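These notes are about the structure you will find just below.
The values are calculated or read from the model by the stated rules, or taken from the named source; none is laboratory data. Computed from a predicted structure; not experimentally measured. Because the Cβ atoms are built from the backbone with ideal geometry, glycine has one as well, and the counts that use them run over all protein chains shown.
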Amino acid sequence: MRTIVVCIRSHSYYSHIGIFMLKEEAKKRAEKLRTLINHERYLYHVVNELSLSPDALDALKKELFDLETQYPDLVTADSPTQRVAGKPLKGFKKVQHTVRMLSFNDAFSEEDMHNWLKKVENFLNQSISNFSFDPELRTEGQFPISKLIEPLFYCELKLDGLAISLRYEHGVFVQGATRGDGFVGEDVTQNLKTIEAIPLRLLEKEEIVKNLKLEKLDHIAEQCIHNFPDTLEVRGEVFLGTEQFERLNKELERSGEKTYANPRNLAVGSLRQLDPAITRERNLDSFAYDLVTDLGQRMHEEEHRILRAFGFTTNPHNEHVQDLDEVFLFHKKWTTKREKLPYEIDGLVVILNDNALFDRAGVVGKAPRAAIAYKFSPKEATTKVLEIKIQVGRTGVLTPVAVMEPVRVGGITITHATLHNDDEIKRLGLKIGDTVVVSRAGDVIPQITKVLRELRAGGEKEFHMPKKCPVCGSGLFKEEVYYRCTNKECYASRRERLYHFVSRKAFDMRGLGSKLLDKFLDEGLIVDAADLFTLKKEDLEILERLGEKSAENIIRAIQAKKEIMLTRFLYALGILHVGEETARLLATQIIAKIKNQNAKIKIEDVLHIMQNFLFEELQQIPDIGPKVAQSIYDWFHDQKNIQFLKKLESVGVVILDTKYQIPNTKLKGKSFVLTGSLESMSREEAKEKIRALGGEISESVSKKTSYVVVGNDPGSKAEKAKQLGVPTLSEGEFVVMIT
């Protein structure tokens, strides 16, 4: 009799039908289950396919677990059930690496990369920038240059994780270790077994050979046919996906535990858990990137293809490139696309592709000479504050600005950072001479986020706001957190208003930079922006470094801007608290009140309409509150501003009426807030597309906001949207919406 029928309830298929399998049958079934489950793991993590649904796969795993529970001696080291690998450990054993695990030196610029390659060439005593090497022509210690037959470099995305070493014996995973000091690491085998991307057993020899041939690695396939390795050692990276990172941090926060600053720290903490069950809950991931065992590989790129053939997960975005120019293009590509990845990367690893050449270059310190980590420009850096200057803006507000030692952040060299106001300086506890952390996320204006008080030497100085305007000497008054010059005709304010008037979003007078405008003011050629339209070529030719041709171009650029759209015109006036969106709202109201609809609008008509607006009426315009309404009302009732508008009309400035006819009202009634940088379009283009479809733009998130469009490196607006329950759109979702 081969089976015993019983009545029990279980999720296992065989238990469910009331049959306990005999051991021999159970053994065969378990072997088949292990093979199928491991094959599905290979399909999912290596081939990026899945022939079974996750639910079906879970059912198979449960069946295998039940069989191994029934017959514990059927459990094998490579069984998928052993990904939860036993009891908690008391500590980690030390592991001596058979081959030293190295780290990489860093490069941050194209200049750094050129210098690195030059050093490699100097060490090898030959130029390799435009050549690779024919393996068949190698002789020991000599590398004759021949035609280019292989890519010079192999570029890997540099994951922000931790390096591991994996050892397999007779196809079974037997030991995994951390890098440690490069010579000795910690045995974290049980924890590594919980990571699905790491195979517990290699593919069968026949399948590996087949895969190698598909990868066009016939010489490696032949090697494996005749001398299949008993031991295989592989290096790779363990990391935590950004989605898992956010999930785990939220769980830690809810339970009152300390959260982690970044995915790498959480990945390290997860892999060093003494209880593998905790590690398994963290859902770590892994990529293999280096083959220590010699299977006849000649190029580093081949190692990735071999690893895939054996059943390891490799990063599909890694590429070979021919030269440094292609390295730079690859770096630029992932600088912009990195935020779309489901994990964090902090740069590239650039490796000399030829293994023999790589080995010949050797090691310097703890790093291979022929490989380097080409980092992305940091979002944060440290530097020293040399002094704090005061900048007087177009509205008379005094803004403290930190002058710093040059530092490269977010792809540009930073020397100045706004400190906003005196309260911000006090909040930071900033002194002149302090070492500070500077950040620049999402291409925003650089800002100081932290003062490193621990690095003070004792010579740092307190900063005090001035008692008088540093430009005109007039008194100051404090309005909320800002200090403002009492002199409305302060030279600095006048200058800033002029800069604003000609800026891209206003009259857009190309070629009129701040230095040239300063010259016009200093030479007495103009008093205000209206005077720009009265300038003649002869007025400019007398200025230093301005010849006849340049003078003609400048005059032509100015005169071409006498006609302007109403929104731009209102924005150009520099009214306190009136930005692009408020200017657009006002323009809509003005056009609605114009009785005689013509192609052009007189400035006097705009003035008349704005002066007839009651303060209460202005507040009823959407998104215009009391503070903004008061500013608008005051501006159009100020005699100096009225004279300025009349002067603009007298010099021939005319407003064009777009009538604000919106042919497509797809987004009518919906308001959008943009945060972060977009790849497929600029933020200005995105705003124009929203407006063209009848939507509205807001600069702040509220419960009335319809959507927040989240680009790369979003700011606090994305977080506020979550807090308020406002829907967010990725760039892809936004593009679909406006298409």
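Just one of the listed residues (Glu237, Glu207) is assigned to a strand (DSSP E or B), on the phi < 0 side of the Ramachandran plot and in the same structural domain as Arg305 (by TED's automatic domain parsing), namely Glu237.
Filter region 672-692 down to the residues that are touching a residue at least 24 places away in the same chain (Cβ under 8 Å), of a type in the set (Ser, Thr, Tyr) and surrounded by fewer than 18 Cβ atoms within 10 Å (Cβ to Cβ) and list them by number. The answer is Ser680, and nothing else.
Only helices (runs of 4 or more DSSP H) whose full extent lies in region 463-578 are considered here, and the ones with at least 2 residues that are among the polar types (S, T, N, Q) and more than 30 Å from Lys431 (Cβ to Cβ) are 548-559. Among the residues of region 275-293, those that are closer than 24 Å to Glu233 by Cα and either surrounded by fewer than 19 Cβ atoms within 10 Å (Cβ to Cβ) or polar (S, T, N, Q) (or both) comprise Thr279, Asn283, Ser286, Val292, Thr293. A single member of Ala277, Ala309 is modelled with pLDDT of 90 or more, out of contact with any strand residue (DSSP E or B) (no Cβ under 9 Å at 6 or more places or on another chain), more than 26 Å from Ser377 (Cα to Cα) and in a helix (DSSP H, G or I), and it is Ala309.
Residue check: is Val350 β-branched (Val, Ile, Thr), within 30 Å of Asn122 (Cβ to Cβ) and assigned to a helix (DSSP H, G or I)? No.
Could you check, for region 65-80, whether at least one of its residues is at pLDDT below 80 and within 37 Å of the chain's Cα centre (by Cα)? The answer is yes; a qualifying residue exists. When every residue of region 146-155 is checked against the conditions, none turns out to be surrounded by fewer than 22 Cβ atoms within 10 Å (Cβ to Cβ), assigned to a helix (DSSP H, G or I) and either at pLDDT 90 or above or not polar (S, T, N, Q) (or both). Among the residues of region 266-302, which ones are out of contact with any Lys or Arg (no Cβ under 9 Å at 6 or more places or on another chain), within 26 Å of Thr35 (Cβ to Cβ) and not polar (S, T, N, Q)? Correct list: Ala277, Leu284, Asp285, Phe287, Leu295.
Note on region 232-258: residues that are surrounded by 13 or more Cβ atoms within 10 Å (Cβ to Cβ), farther than 17 Å from Ala197 by Cα and among the polar types (S, T, N, Q) amount to 1.
Take the residues in region 602-624 that are in contact with a helix residue (DSSP H, G or I) (Cβ under 7 Å, 6 or more places away or on another chain) and closer than 23 Å to Gly694 by Cα, then tell me which one is surrounded by the fewest Cβ atoms within 10 Å (Cβ to Cβ). Once the filter is applied, the top-ranked residue is Pro622. Taking the conditions (1) part of a helix (DSSP H, G or I); (2) at pLDDT 85 or above; (3) not aromatic (Phe, Trp, Tyr) in turn, Thr98 satisfies each one other than (1).
Filtered by the rule that a residue be crowded, with 21+ Cβ neighbours inside 10 Å and either of a type in the set (Val, Ile, Thr) or in contact with an Asp or Glu (Cβ under 8 Å, 6 or more places away or on another chain) (or both), region 302-326 gives Glu303, Ile306, Ala309, Thr313.
Residues in region 383-403: is at least one crowded, with 19+ Cβ neighbours inside 10 Å, charged (D, E, K, R) and in a strand (DSSP E or B)? Within region 383-403, none of the residues are crowded, with 19+ Cβ neighbours inside 10 Å, charged (D, E, K, R) and in a strand (DSSP E or B). In region 312-342, the qualifying residues are those that are polar (S, T, N, Q) and assigned to a helix (DSSP H, G or I), and the one that is nearest to Ser377 (Cα to Cα) is Thr335.
Among Val709, Val701, which is the only one that is touching a helix residue (DSSP H, G or I) at 6+ places or on another chain (Cβ under 7 Å), of a type in the set (Val, Ile, Thr), buried (at least 19 other Cβ atoms within 10 Å of the Cβ) and not in a loop (DSSP other than H, G, I, E, B)?
Testing whether each residue is touching a helix residue (DSSP H, G or I) at 6+ places or on another chain (Cβ under 7 Å), of a type in the set (Val, Ile, Thr), buried (at least 19 other Cβ atoms within 10 Å of the Cβ) and not in a loop (DSSP other than H, G, I, E, B) leaves just Val709.
Has region 360-377 got at least one residue that is small (Gly, Ala, Ser) and closer than 30 Å to Ala529 by Cα? Within region 360-377 (the criterion being small (Gly, Ala, Ser) and closer than 30 Å to Ala529 by Cα), the answer is no, since none of the residues qualifies. Considering Ala718, Ala629, Ala686, the condition of being assigned to a helix (DSSP H, G or I) and in the same structural domain as His577 (by TED's automatic domain parsing) is satisfied by Ala629 alone.
Quick check on region 478-493. Is at least one of its residues of a type in the set (D, E, K, R) and either over 25 Å from Ala629 (Cβ atoms) or within 34 Å of the chain's Cα centre (by Cα) (or both)? For region 478-493, residues of a type in the set (D, E, K, R) and either over 25 Å from Ala629 (Cβ atoms) or within 34 Å of the chain's Cα centre (by Cα) (or both): absent. On inspection, Gly236 fails the criterion of being farther than 30 Å from Glu719 by Cβ and in contact with a His (Cβ under 8 Å, 6 or more places away or on another chain).
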